[in-house]
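Input: a single structure, listed below in structure tokens.
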Amino acid sequence: MDTTKLSEQFQQKIDEDIKIEPQDWMPDEYRKTLIRQISQHAHSEVVGMLPEGNWITRAPSLRRKAILLAKVQDEAGHGLYLYAAGETLGITRDEMYQQLHSGKAKYSSIFNYPTLTWADMGAIGWLVDGAAIMNQVPLSRCSYGPYARAMVRVCKEESFHQRQGFEILLTLSKGNAAQRKMCQDAINRWWWPSLMMFGPSDNNSPHTAQSMQWKIKRFTNDELRQKFVDVCAEQVKFLGMTLPDKDLKWNEAKQHYDFGAINWDEFWNVVKGNGPCNKERLATRVQAWENGAWVREAALAYEDKKAARQYRYNTTQAESKMPAG
Ligand code: BYC
């Protein structure tokens with residue numbers, strides 16, 4: 001069948017909400033877009049462990065430490081599901097790591113900001129995981145089967161992450177003046193970078209139109225950002241805190257919150273590698289990879305030994321069944 005016909009059939013399946021599976025025919029650009037997005041997403045999960053990992057040893061109680069540890073481990077798990085989903089498209093995990101470690105692959109801008117106080121763990125849970133859920137729930141209905149299925153579990157875990165973050169902030173918001181100040185300061189620092197997580201505005205987003213047509217994306221960047229602002233503008237009231245935006249205002253006619261201008265220069269600067277922590281994050285990942293070399297070698301040596309033992313066993317068994325003489 002020629003490519004035009006295959007492309008038509010492919011789009012028809014998408015239009016009918018039939019999932020595309022790894023063995024199905026797909027246009028090269030669809031495959032490339034998915035590899036790009038899924039690998040960037042996987043990298044974001046594992047790099048995203050670093051800002052919070054930083055606070056595990058300094059959590060204020062054993063309970064908080066256990067919760068944070070579990071959350072950070074969840075992020076490693078999300079990375080693994082996503083790398084596995086990426087592999088179904090014909091790229092190896094080593095190639096994806098190589099792209100991250102060489103600085104060629106992107107990961108979410110948000111993880112290039114520092115975590116200065118314990119309240120940052122609350123703000124990350126509430127805002128960063130909250131933004132992630134807003135973006136990822138629609139991805140669980142995306143057209144590519146393995147990506148959509150990975151998102152189902154990821155979103156359940158993200159929902160726990162978001163609540164634990166909000167609960168940290170709620171506790172601080174009921175504390176003394178210094179704790180309330182710490183809470184507000186964390187919200188102030190994480191608010192705008194969280195809005196940037198949704199990507200450039202639609203008129204500057206080169207991939208959105210095609211990804212919407214392929215139902216990789218179900219909503220545009222601006223649509224998801226608006227939903228997120230609407231939710232957070234209400235939730236912040238429960239904390240008795242404010243969002244750092246003097247233009248944030250309910251718009252009765254639109255039934256949405258209006259909000260201020262995003263600093264896109266800051267966003268692109270971080271995406272290009274010049275944010276406050278880009279270099280440190282990448283160096284830490286590369287070092288973790290290098291430090292883990294002996295574990296990978298040991299695992300491979302163990303597999304080889306097991307295979308050799310099995311081979312010897314199979315040969316002996318076959319020989320013992322041979323007729324004597
Ligand atoms: N940061 O045309 P656009 C988490 C890039 S982890 C950096 O709109 P697209 C968590 C974009 O890649 C959550 N780069 O692109 C973990 C593109 O560059 P390239 C991570 C960004 O793909 C631990 C260019 O800008 N979530 O939840 O249609 C602890 C043009 O953009 C960003 C995901 O990865 C950014 N923020 O839409 C806590 C979700 N935004 O590739 C939490 C999956 C854009 O052409 N990804 N760029 O060089 C997506 O949904 C989409 O890829 C995006 C961007 C909405 C992010």
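The values are calculated or read from the model by the stated rules, or taken from the named source; none is laboratory data. Since the structure is predicted, the reported quantities are computational estimates derived from the model, not experimental observations. For neighbour counting, all protein chains shown are included, and Cβ atoms are generated from backbone atoms with ideal geometry for every residue, glycine included.
General remarks:
- Close pairs from the range 49-68: first in contact (Cβ under 8 Å) with a residue 40 or more places away in the chain, partner within 13 Å of the ligand (Cβ to nearest atom) and of a type in the set (Phe, Trp, Tyr), Cβ under 7 Å, at least 6 apart: Leu50/Phe111; Pro51/Phe111; Leu68/Trp55
- Screening the candidates Leu82, Leu62 for the property of being within 14 Å of the ligand (Cβ to nearest atom), of a type outside the set (Gly, Ala, Ser) and modelled with pLDDT of 95 or more yields one hit, Leu82.
Quick grid of which residues meet (1) touching a His at 6+ places or on another chain (Cβ under 6 Å); (2) without any contact (Cβ under 8 Å) to a residue 24 or more places away in the chain; (3) surrounded by 17 or more Cβ atoms within 10 Å (Cβ to Cβ); (4) not hydrophobic (A, V, I, L, M, F, W, C):
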residue	(1), (2), (3), (4)
Arg93	no, yes, no, yes
Met96	no, no, yes, no
Ser109	no, no, yes, yes
Tyr113	no, no, yes, yes
Ala132	no, no, yes, no
Asn135	no, no, yes, yes
Ser143	no, no, yes, yes
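Residue-by-condition table, conditions (1) at pLDDT 95 or above; (2) closer than 26 Å to Val286 by Cα; (3) of a type outside the set (Lys, Arg); (4) within 11 Å of the ligand (Cβ to nearest atom):
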| position | (1), (2), (3), (4) |
| --- | --- |
| Met96 | yes, yes, yes, no |
| Tyr107 | yes, yes, yes, yes |
| Phe111 | yes, yes, yes, yes |
| Thr117 | yes, yes, yes, no |
| Asp120 | yes, yes, yes, no |
| Gly125 | yes, yes, yes, yes |
| Asp129 | yes, yes, yes, yes |
| Arg141 | yes, no, no, no |
| His161 | yes, no, yes, yes |
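- Breaking point among (1) touching a Pro at 6+ places or on another chain (Cβ under 7 Å); (2) of a type in the set (A, V, I, L, M); (3) farther than 24 Å from Trp289 by Cβ, for Ala85: (3)
- Qualifying residue in the range 80-88 (condition: closer than 24 Å to Glu280 by Cα, under 13 Å from the mean Cα position of the chain (by Cα), in contact (Cβ under 8 Å) with a residue 60 or more places away in the chain and surrounded by fewer than 19 Cβ atoms within 10 Å (Cβ to Cβ)): no
- Being under 24 Å from Thr57 (Cβ atoms), part of a helix (DSSP H, G or I) and hydroxyl-bearing (Ser, Thr, Tyr) is a property that holds for Thr171.
- Count of the range 261-281 residues which are surrounded by fewer than 19 Cβ atoms within 10 Å (Cβ to Cβ) and either more than 23 Å from Ile133 (Cβ to Cβ) or in contact with a strand residue (DSSP E or B) (Cβ under 6 Å, 6 or more places away or on another chain) (or both): 14
- Just one of (1) over 18 Å from Asn269 (Cβ atoms); (2) within 13 Å of the ligand (Cβ to nearest atom) fails for Trp192. It is (1).
- Some residue of the range 249-258 being buried (at least 19 other Cβ atoms within 10 Å of the Cβ), of a type outside the set (Lys, Arg) and either in a strand (DSSP E or B) or within 11 Å of the ligand (Cβ to nearest atom) (or both): yes
- Among the residues making up the range 166-197, those that are surrounded by 17 or more Cβ atoms within 10 Å (Cβ to Cβ) and of a type in the set (Ser, Thr, Tyr) are Ser173, Ser194.
- Residue in the range 198-227 that is surrounded by the fewest Cβ atoms within 10 Å (Cβ to Cβ), counting only those that are near the ligand (Cβ under 10 Å from one of its atoms) and polar (S, T, N, Q): Asn204
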